[in-house]
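S.K.: Once you've had a glance at the structure underneath, I'll fire off some questions.
The values are calculated or read from the model by the stated rules, or taken from the named source; none is laboratory data. Owing to the predicted nature of the structure, the values given are computational and were not obtained by experimental measurement. Positions of Cβ are backbone-derived with ideal geometry, glycine not excepted, and every protein chain shown enters the neighbour counts. Only protein heavy atoms, including side chains, enter the accessible area calculation; ligands, DNA and RNA are left aside. Shrake-Rupley method; radii C 1.70, N 1.55, O 1.52, S 1.80 Å.
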Amino acid sequence: MTVRRTGSRTPVSTGCGASSTRGTSKPSPRKPVSTGCGTPSTGGWTPKPKVSTRSKELLEKAKGKDKTEKRTVSTGCGTSKPSTPSKPSKPTRTGC
Amino acid sequence: MTISPPGLRHTLRLEADRALLYDRVAHQYFPLSAGEAFLCTAAAEVGLDEATRMLAEKIGEEDAAEFRAQLEDEGAIDQNGFTGRLLEQRDIKGAYAAPLVCHLGVTLACNFACNHCYSSSGQRAKDELTLDDIKRLVDQLVDIGCMKLVLGGGEPFLRKELPDIVAYADSRGVDCFVHTNASLVRAEVLERLAKTPPASLAVSLDGPDAHTNDRVRGPRAFDKTMKGLEVLRAHWPHGFNLSVTITPENADLTPRLVALAKEQGAKVLLLRPAYPAGEAMKDTSLICDRETFARAIDLARPEAERLGVTLDAPHPHEQGVPDFDGFGCVAARVVLGVDPRGNVTPCLNLPGGFDSGNIKEKKLSDLWKKGRGFVLLRAQEPGPQCGTCKHYETCRGGCRVRSLYAENGLGGPDSWCHYEPREDVVPLKTPKHSPKRTKRTGAST
């Protein structure tokens, strides 16, 4: 997967690769209880995580990058202009 | 920059239809897309990887990964979710759910007597807010997610607790922006202030020489401020801005003001127009019209470019339609003001009739939602000119102080407005205050 605009930053890891914990957990001495033929087995399965209603709403409204350009919020007549320059990629709008 | 305390770099304000991320490093609010806001909320619920996967299903892997990378780069999210403070807020029609900026007059006491002073400061009032009152105000700002506090006056350095106010706000995650005439800054107080420096220190100066400056700011004001700047250069490593209120008297002198800013070592030179408020109402020759302000900036720019001075001056010809999320004038919609006695108003430049209550008696959030002046401004309906202008949906008539001063009423146009009738209406034959020059794009220099 390619990540735009991140320049030299390491792409976001989405797999188990380098963050794998395989082999680090201590094996249990207990023998798992057999539950039969295996059809209801949870082998490797975990319940699908649920997000809150608020998160669901946000996900429904989510659009791709090209449709939602990030920008600064103007807060008025400029009296709160910081001494230190803001991020250059997000020009400050200060005027009213 | 050290963020104090840790973990308070970001505040995320979630309204029904918008999300704002305040970043204390940039001292800015950033609108987040729904997808970015989703990552902030869902990461804490299902983990960042799962939240990213869910978002990728909706908008594609590449965009989801980019949103995540941007937020991670800003330090806003990590594997455990959003790293800052998240606030769910109820919408208010025609305004943000809570103000983004609070302007606080910390005292009415002032050692200067500026002819354009919006607050008519001079003598300290007996019933000014105590330090505890101000701390309670800061607590309320934190509760509602208003993370920018502008400290003016009067002269803030006449308030001995100024460093305590800034330190307390900082400890709660609120950034302070101090406006001063610099005449009273001393090494000792700067040392106290430097323990938790404000986000900015802006020094007011209204002329490049004593003659011009003192005509507005009082006898010997120029010399006192120059001495203050000397102290700042010696004892204040955080830098300062110079802030000039443009009047018809100093508008043509901006190239010299740029040179002075360079000579004095200011980081930024801010130019702002004199508003029809306070003392300026007694000497209306000081009030700045649109073309005068435009000329001041046009004259300043070449010199600023030549000398490498950063100019912060919103050009009225280029700015055109202000983009305040369609709110127009920021009063009651984006900002509020609190005077030294605790009276809350949508804007400190507005006349007293808009005062909506006192923070010693009422909650700030209630005043923002239901205060008389706030409701009045938000209920504004367009008059004949604004109602036929193509810009009304975004500018909402512009500055209400100037509209009231021009006797255009709350529904009338800002005296700086440029009227451009919609194509589907019959244009007004005699629009008010509509300058001939209406081009809004392209540099004027």
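S.K.: Leaving ligands, DNA and RNA out of it, work out the accessible area of residue B:57 with a 1.4 Å probe and give it in Å² to the nearest 10.
M.R.: Approximately 140 Å² of residue B:57 is accessible to the 1.4 Å probe.
S.K.: Starting from the Cα of residue B:369, draw a straight line to each of the aspartates and glutamates and keep only those under 17 Å, dropping any in the same chain fewer than 8 residues away.
M.R.: Here the aspartates and glutamates satisfying the reach criterion relative to residue B:369 are B:15, B:88, B:91, B:143, B:355, B:361.
S.K.: For the range B:302-432, report the % of Cα-Cα distances exceeding 24 Å.
M.R.: The calculated P(r) of the range B:302-432 puts 39 percent of pairs beyond 24 Å.
S.K.: Hey, another quick one. Is the shape of the range B:207-340 rounded, prolate or oblate, going by the alpha carbon gyration tensor and its root eigenvalues a ≥ b ≥ c, with a/c under 1.5 for rounded and a/b larger than b/c for prolate?
M.R.: rounded
S.K.: Classify the range B:35-191 as rounded, prolate or oblate, taking a ≥ b ≥ c as the square roots of the eigenvalues of its Cα gyration tensor: rounded when a/c is under 1.5, otherwise prolate if a/b is larger than b/c and oblate if not.
M.R.: It comes out prolate by the Cα gyration axes.
S.K.: If one computes the Cα centroid of the range B:123-168 and of the range B:30-91, what distance in Å separates the two points?
M.R.: Here the answer is 34 Å between Cα centres.
S.K.: Rounded to the nearest 500 deg cm²/dmol, what is the calculated helix-only ellipticity per residue at 222 nm for chain B, with -39500 (n - 2.57) per DSSP H run of length n ≥ 4?
M.R.: Calculated from helices alone, the mean residue ellipticity at 222 nm is -10000 deg cm²/dmol.
S.K.: Among B:351, B:364, B:388, flag the residue with its Cα farthest along the positive direction of the charge dipole of the range B:333-388, charges on Cβ as +1 for Lys/Arg and -1 for Asp/Glu.
M.R.: B:364
S.K.: Mind giving me the FRET efficiency for residue B:423 and residue B:362? R0 is 41 Å, r the Cβ-Cβ distance, nearest 0.05 is fine.
M.R.: 0.35
S.K.: R0 = 25 Å: FRET efficiency of residue B:139 with residue B:285, Cβ-based, nearest 0.05?
M.R.: Calculated value: 0.05.
S.K.: How high is the FRET efficiency between residue B:259 and residue B:390 when r is their beta carbon distance and R₀ equals 51 Å, given to the nearest 0.05?
M.R.: That gives a FRET efficiency of 0.80.
S.K.: In the range B:155-313, if the dipole is taken from +1 on Lys/Arg beta carbons and -1 on Asp/Glu beta carbons about the Cα centre, which of B:210, B:245, B:266 is farthest to the positive end?
M.R.: Checking the options against the dipole of the range B:155-313, the answer is B:266.
S.K.: Checking the a/c ratio against 1.5 first, then a/b against b/c, what shape does the Cα gyration tensor give for the range B:33-104?
M.R.: prolate
S.K.: On the full set of protein chains, 1.4 Å probe, figure out the accessible area of residue B:134 and give it in Å² to the nearest 10.
M.R.: Using a 1.4 Å probe on the heavy atoms, I get roughly 0 Å².
S.K.: Shifting gears a bit: Give, rounded to the nearest 20 debye, the magnitude of the charge dipole that chain B has about its Cα centre when Lys and Arg contribute +1 at Cβ and Asp and Glu contribute -1 at Cβ.
M.R.: Approximately 1520 debye in magnitude.
S.K.: Moving to a separate point now. Explain nothing, just the number: relative contact order of chain B, from Cα pairs under 8 Å at least 6 residues apart, as a whole percent.
M.R.: It comes to 13 percent, rounded to a whole number.
S.K.: If you don't mind, another one. Taking N as the number of residues in chain B, what is its Cα Rg relative to 2.2 N^0.38 Å?
M.R.: In units of the globular-protein estimate, chain B measures up at 1.01.
S.K.: What is the Cα centroid distance between the range B:366-383 and the range B:258-321, reported in whole angstrom?
M.R.: 30
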